[in-house]
1. In segment 90-117, which residue that is of a type in the set (A, V, I, L, M) and crowded, with 17+ Cβ neighbours inside 10 Å is nearest to residue 70 (Cα to Cα)?
2. Which condition from (1) at pLDDT 95 or above; (2) buried (at least 22 other Cβ atoms within 10 Å of the Cβ); (3) closer than 26 Å to residue 68 by Cβ is the one that residue 120 breaks?
3. Only one of these conditions is not met by residue 185: (1) at pLDDT 95 or above; (2) surrounded by fewer than 20 Cβ atoms within 10 Å (Cβ to Cβ); (3) of a type in the set (Lys, Arg). Which number is it?
4. Considering only segment 134-172, state which residues are modelled with pLDDT of 95 or more and among the β-branched types (Val, Ile, Thr).
5. Determine the pairs where a residue that is within 24 Å of residue 88 (Cβ to Cβ), located within segment 143-163, has a partner that is charged (D, E, K, R) and in a loop (DSSP other than H, G, I, E, B) with Cβ atoms under 6 Å apart, the partner being 6 or more residues away or on another chain.
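The values are calculated or read from the model by the stated rules, or taken from the named source; none is laboratory data. Please read these numbers as outputs of a predicted model, since none were measured by experiment. Here the Cβ positions follow ideal geometry from the backbone for every residue, glycine too, while neighbour counts run over all protein chains shown.
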Amino acid sequence: MHKQFKKLILIMMVVLLLAACGQFEPASAPVEAPELMVTEIPITIPTTAPAEGLVPEKFSKYIGLNYPPIPAGLTEGFSMMIEGTEDHGLWLVMEGADEMLWLGEITHYDADGNAYWEVKDVLDLSDLEAGLVLLPDGCSLNGAPDHEIIIAGKDETVLLAWRANTALDMFEVIPTNGIECRSDKGWNLE
């Protein structure tokens, strides 16, 4: 029942987001991100999301995955180290039409210096409105740089925000209030 309640809340958030954003427009990826995204219309969302049950069942199989190689059937959109850490990174990964963001941690390096990773958490981006721009970098909270913040926005407005909490190895939903982003690393969600 607890799992069903979480799914119901997620569905309600998506419906409210879709209602607030209007009509869908076709999207293409990647895109040039806006220079500045400022929260203009805050959306009420929980301050944190529980670790248990946050990952949809279809993506939970990737938690604990060690790579490379990335499993067959998956394609990588982008990857990047989280600034301020020496061992955590983000990967946008597609499985067919589904998009997800992996939070990974380096497990070891081979003799040639190549990093090997373990997926610590997965953020499902599949149900977000097409045309939102994902910014995984360059955000600040109340004027202070915060390299763990990831946002999805549109028309210079931060609509959704998450923290890639490297201390807990998990994504957390965070309020959009006070978040500003300047980045050229935008990815248009389809």
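1. 93
2. The number of the failed condition is (2).
3. For residue 185, the failing item is (1).
4. Residues satisfying the conditions are 149, 150, 151, 166.
5. Note: pairs meeting the criteria are 147/83; 163/148.
Here's the yes/no breakdown for (1) modelled with pLDDT of 90 or more; (2) aliphatic (A, V, I, L, M); (3) out of contact with any Phe, Trp or Tyr (no Cβ under 8 Å at 6 or more places or on another chain):
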residue: 36; (1), (2), (3): no, yes, yes
residue: 44; (1), (2), (3): no, no, yes
residue: 63; (1), (2), (3): yes, yes, yes
residue: 69; (1), (2), (3): yes, no, yes
residue: 72; (1), (2), (3): yes, yes, yes
residue: 75; (1), (2), (3): yes, no, yes
residue: 86; (1), (2), (3): yes, no, yes
residue: 92; (1), (2), (3): yes, yes, no
residue: 96; (1), (2), (3): yes, no, yes
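Residue-wise test of (1) among the acidic types (Asp, Glu); (2) part of a loop (DSSP other than H, G, I, E, B).
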site: 127; (1), (2): yes, yes
site: 134; (1), (2): no, no
site: 147; (1), (2): no, yes
site: 152; (1), (2): no, no
site: 167; (1), (2): no, yes
site: 183; (1), (2): no, yes
site: 190; (1), (2): yes, yes
